[in-house]
Amino acid sequence: MKPQRDTPLPRPNVLTRPHWDGCREGKLMVQRCNDCGTHVFIPTPVCSSCMSSDMQWVETSGKGRVYSFTTVWRPQRPEFEVPYSVAIVEMEEGWHMLSNLIDLEPEEVKVGLAVEVVFHAASDEITLPYFRPAGA
Amino acid sequence: MARNPLHDVCIAGVYNTQQARVLEGVNEVELLVDAMRGTLADAGVAPHEVDGVNVRSAVWRINAREVSHWLGCSPKWNGGEFGIAGVLEAAGAIATSQASVVLMADAQCGQYTERALTAPWTRPTNEFVECWGLYTAAEFALIAQRHMAVYGTRPEALAEVSAAIRSNGAINPDAVYYGRPCTPEDVLASRMVADPFHLLDCCMTSEGGAGLLLTTVERALDLDCEPIYILGGGLDRFGMSYVMAPVYDKYGLAGRRAAQDAFEQGGIGPQDVDVCEFYDPFSFELIRQFEAFGFCDEGEGGDFVMDGRVRIDGDFPLCTNGGLMAYSHAGTAQLLQKTISAVLQLRGKYIPELTVPNAKIAMATNGGAGALFTDLMIVGKEQP
Ligand SMILES: [Zn+2]
């Protein structure tokens with residue numbers, strides 16, 4: 001499976017722009033709470049563990065494991081090429097994010113599979129963080 | 001313990017309009033008016049007697065203020081929630097004397113026109129979700145796959161749930177999929193949509209309307225109606241659906257808190273439930289609800305639904321009108337229709353083959369783990 005050629009692209013706002021700017025620079029950025037240390041995703045004005053406003057954007061390892069997945073055959077919209085693999089990735093730092101898995105076949109996807117982020121430029125402004133088997 | 005004032009509120013009227021994949025030649029206003037008239041007639045209430053209103057429509061966005069003119073009434077209470085949350089909101093208003101007769105109605109037609117895309121209400125627009133090609137089937141599939149990986153839940157169990165529900169719809173003359181029998185083998189042989197969900201693991205899209213009227217038990221005694229009583233209810237919510245990743249370990253037991261509250265309010269337990277009008281967007285969701293509500297232990301739902309237990313003649317019959325899979329799934333009216341089906345079943349309004357013998361208690365639910373919420377209510381034939 002490969003990156004999609006034509007997807008609806010994110011329109012970053014003041015809260016989410018640091019994440020997307022990071023992707024464009026090849027870094028997987030996430031907010032970390034300076035008061036309690038929790039990594040929080042998606043971007044939020046205050047920490048969801050302790051409601052602190054002291055949130056800092058930090059670079060993460062980009063490594064994790066497939067927490068769950070689904071191979072999609074009926075696309076959300078016709079522009080998507082099927083099949084594509086939607087996954088929840090559990091990151092090393094303990095946070096979860098949705099993405100698509102690439103560089104593997106549908107039957108190779110398993111819960112627990114070690115994966116790493118791989119960035120794919122979708123437009124001048126937007127780079128999307130896909131995941132592939134670790135060390136591929 | 002003080003008497004729960006919810007127990008002095010009842011459902012006096014229910015009504016379903018015609019339901020269809022597409023309602024040709026019908027507009028949403030006509031549909032909503034039919035839902036309102038039918039509900040008032042079922043309860044034996046005149047339009048001007050309504051003093052609480054919660055009426056909505058999907059496309060034309062008809063609201064309570066507008067329909068007050070149609071009813072010729074001046075409400076002293078308006079509701080804002082829909083489905084079971086709306087029923088409980090209205091019951092609370094009546095229990096606290098803010099209103100005495102609440103009319104709820106909801107309708108949808110003409111909303112799904114671009115068929116190359118999944119239905120508009122299934123597609124999230126959040127920037128961390130949409131670009132990955134998600135929609136509701138994929139969201140609920142992410143919950144199911146995790147459960148299957150951790151507990152070994154099998155596709156055959158999912159297929160049995162779908163087949164049980166669709167078999168009810170196949171013999172319900174009011175169901176959109178009337179006359180379309182379904183076996184577990186049919187489900188497993190249907191094309192894959194979002195693994196593990198085949199086409200027949202997923203609910204349909206359709207059009208239709210529905211209404212429900214609540215009042216006090218005292219008032220219902222003076223009406224020509226068949227009241228059904230509220231034993232308990234509750235919500236269990238986890239924030240923004242189709243935005244946050246649906247992580248099973250965080251949301252997999254959604255509804256447990258609501259079920260515990262509702263059972264406690266009614267002084268009953270899962271074994272007392274005769275009819276399960278559970279929310280059935282996707283087959284696995286029913287397995288999860290039996291676990292979350294305490295009908296069986298976590299991880300055992302796949303075995304629980306086998307051996308005919310959730311069939312119409314089983315111990316815990318599911319979605320006795322055919323549910324969202326085979327009866328109808330229109331706008332937000334379908335959420336209200338879970339409670340309506342519970343009422344119709346307890347009143348003995350279904351054909352004999354779909355009537356649960358001696359049913360006294362029915363449980364209706366809305367939502368699911370993939371949507372990060374589960375609301376529910378329990379109704380009874382006798383006042384608690
Ligand atoms: Zn914190």
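Mind counting the residues in region A:17-43 that are out of contact with any Phe, Trp or Tyr (no Cβ under 8 Å at 6 or more places or on another chain), more than 16 Å from the ligand (Cβ to nearest atom) and assigned to a loop (DSSP other than H, G, I, E, B)?
So the count comes out to 3.
Say whether the condition of being open to solvent by less than 20 Å² (accessible area, probe 1.4 Å), within 9 Å of chain B (Cβ to nearest Cβ) and out of contact with any helix residue (DSSP H, G or I) (no Cβ under 7 Å at 6 or more places or on another chain) is met by at least one residue in region A:17-24.
Within region A:17-24, the first condition is being open to solvent by less than 20 Å² (accessible area, probe 1.4 Å), and the residues that meet it are A:19-20, A:22-23.
Of the ones still in play, those that are also within 9 Å of chain B (Cβ to nearest Cβ) are A:19-20.
When the remaining residues are screened for being out of contact with any helix residue (DSSP H, G or I) (no Cβ under 7 Å at 6 or more places or on another chain), the result is A:19-20.
Yes: region A:17-24 contains one or more residues that are open to solvent by less than 20 Å² (accessible area, probe 1.4 Å), within 9 Å of chain B (Cβ to nearest Cβ) and out of contact with any helix residue (DSSP H, G or I) (no Cβ under 7 Å at 6 or more places or on another chain).
Assess whether B:Gly255 counts as being at positive phi and either crowded, with 21+ Cβ neighbours inside 10 Å or of a type in the set (Val, Ile, Thr) (or both).
Working: at positive phi: yes; either crowded, with 21+ Cβ neighbours inside 10 Å or of a type in the set (Val, Ile, Thr) (or both): yes.
Criteria met by B:Gly255.
crowded, with 24+ Cβ neighbours inside 10 Å, within 14 Å of another protein chain (Cβ to nearest Cβ), outside any loop (DSSP other than H, G, I, E, B) and touching a Leu at 6+ places or on another chain (Cβ under 9 Å) - does that describe any residue in region B:144-151?
Within region B:144-151, one or more residues are crowded, with 24+ Cβ neighbours inside 10 Å, within 14 Å of another protein chain (Cβ to nearest Cβ), outside any loop (DSSP other than H, G, I, E, B) and touching a Leu at 6+ places or on another chain (Cβ under 9 Å).
Which numbered condition trips up B:Ser167, out of (1) away from chain A (no Cβ under 14 Å); (2) assigned to a loop (DSSP other than H, G, I, E, B)?
(2)
Considering each of B:Leu346, B:Leu336, B:Leu324 in turn, give the residue that is open to solvent by less than 10 Å² (accessible area, probe 1.4 Å) and over 15 Å from B:Asn366 (Cβ atoms). It would help to see each step written out before you state the result.
Numbers: B:Leu336 fails: over 15 Å from B:Asn366 (Cβ atoms); B:Leu324 fails: over 15 Å from B:Asn366 (Cβ atoms).
It is B:Leu346.
Considering region A:1-16 alone, what residues qualify as being more than 8 Å from chain B (Cβ to nearest Cβ) and in contact (Cβ under 8 Å) with a residue 60 or more places away in the chain?
A:Met1, A:Lys2, A:Pro3, A:Arg5, A:Asp6
Restricting attention to region B:58-97, which residues are in a loop (DSSP other than H, G, I, E, B) and either closer than 28 Å to B:Tyr229 by Cβ or among the β-branched types (Val, Ile, Thr) (or both)? Before you say what the answer is, go through the steps one by one.
In the first step, residues of region B:58-97 are kept if they are in a loop (DSSP other than H, G, I, E, B); the result is B:58-63, B:72-76, B:79-82, B:96-97.
Within region B:58-97, B:Val59, B:Ile62, B:Cys73, B:Pro75, B:Lys76, B:Gly79, B:Gly80, B:Glu81, B:Phe82, B:Thr96, B:Ser97 qualify.
Looking at (1) within 14 Å of the ligand (Cβ to nearest atom); (2) away from every other protein chain (no Cβ under 14 Å); (3) not aromatic (Phe, Trp, Tyr), which is the only condition A:Ser48 fails?
Unmet for A:Ser48, out of (1) within 14 Å of the ligand (Cβ to nearest atom); (2) away from every other protein chain (no Cβ under 14 Å); (3) not aromatic (Phe, Trp, Tyr): (2).
Quick test of your reading of the structure: A:Ser99 fulfils all but one of (1) buried (at least 22 other Cβ atoms within 10 Å of the Cβ); (2) among the small types (Gly, Ala, Ser); (3) more than 8 Å from chain B (Cβ to nearest Cβ). Name the failing condition by number.
Here A:Ser99 meets the rest and fails (3).
Does region B:100-110 include one or more residues that are more than 30 Å from B:Glu24 (Cβ to Cβ), open to solvent by 10 Å² or more (accessible area, probe 1.4 Å) and more than 14 Å from chain A (Cβ to nearest Cβ)? Before the answer, list the steps.
From region B:100-110, those more than 30 Å from B:Glu24 (Cβ to Cβ) are B:100-102; that's our starting set.
Then drop every residue that is not open to solvent by 10 Å² or more (accessible area, probe 1.4 Å), which leaves B:100.
Remaining after also requiring more than 14 Å from chain A (Cβ to nearest Cβ): B:100.
Yes: one or more hits.
One line per residue, one yes/no per condition, for (1) at pLDDT 95 or above; (2) in a loop (DSSP other than H, G, I, E, B); (3) surrounded by 24 or more Cβ atoms within 10 Å (Cβ to Cβ):
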| residue | (1), (2), (3) |
| --- | --- |
| B:Thr205 | no, yes, no |
| B:Gly211 | yes, no, yes |
| B:Leu214 | yes, no, yes |
| B:Glu218 | yes, no, no |
| B:Cys225 | yes, yes, no |
| B:Phe263 | yes, no, no |
| B:Ile268 | yes, yes, no |
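Across region B:63-72, what is the number of residues that are in contact with a helix residue (DSSP H, G or I) (Cβ under 6 Å, 6 or more places away or on another chain) and open to solvent by less than 20 Å² (accessible area, probe 1.4 Å)? Before the answer, list the steps.
First, pick out the residues of region B:63-72 that are in contact with a helix residue (DSSP H, G or I) (Cβ under 6 Å, 6 or more places away or on another chain): B:71-72.
Keeping just the survivors that are open to solvent by less than 20 Å² (accessible area, probe 1.4 Å) gives B:71.
Of the residues in that region, 1 qualify.
Which residues, taken from region A:55-90, are within 16 Å of the ligand (Cβ to nearest atom) and open to solvent by 70 Å² or more (accessible area, probe 1.4 Å)? Spell out the reasoning first.
Residues of region A:55-90 within 16 Å of the ligand (Cβ to nearest atom): A:55-58.
Correct list: A:Gln56 only.
Quick one: would you say B:Arg180 is part of a loop (DSSP other than H, G, I, E, B), modelled with pLDDT of 95 or more and either assigned by TED's automatic domain parsing to the domain that holds B:Ala330 or open to solvent by less than 30 Å² (accessible area, probe 1.4 Å) (or both)?
Yes: the conditions hold for B:Arg180.
Inside region B:189-203, can you point out the residues that are more than 24 Å from the chain's Cα centre (by Cα), within 14 Å of another protein chain (Cβ to nearest Cβ) and open to solvent by 30 Å² or more (accessible area, probe 1.4 Å)?
Within region B:189-203, the first condition is being more than 24 Å from the chain's Cα centre (by Cα), and the residues that meet it are B:189-192, B:195.
Now narrow it down to the ones that are within 14 Å of another protein chain (Cβ to nearest Cβ): B:190-192, B:195.
Result: B:Arg191, B:Met192, B:Asp195.
Counting only residues that are more than 7 Å from chain B (Cβ to nearest Cβ) and hydrophobic (A, V, I, L, M, F, W, C), how many does region A:76-96 have?
Taking region A:76-96 and keeping what is more than 7 Å from chain B (Cβ to nearest Cβ), we get A:79, A:81-83, A:85, A:87, A:89-95.
When the remaining residues are screened for being hydrophobic (A, V, I, L, M, F, W, C), the result is A:82, A:87, A:89, A:91, A:95.
The qualifying residues number 5.
The values are calculated or read from the model by the stated rules, or taken from the named source; none is laboratory data. Worth saying up front: this structure is predicted, and the values here are computed from it rather than measured. Please note: Cβ atoms are built from the backbone with ideal geometry, for glycine as well, and neighbour counts cover all protein chains shown. When the accessible area is computed, the model is the full protein with side chains, heavy atoms only, and any ligands, DNA or RNA have been set aside. Shrake-Rupley method; radii C 1.70, N 1.55, O 1.52, S 1.80 Å.
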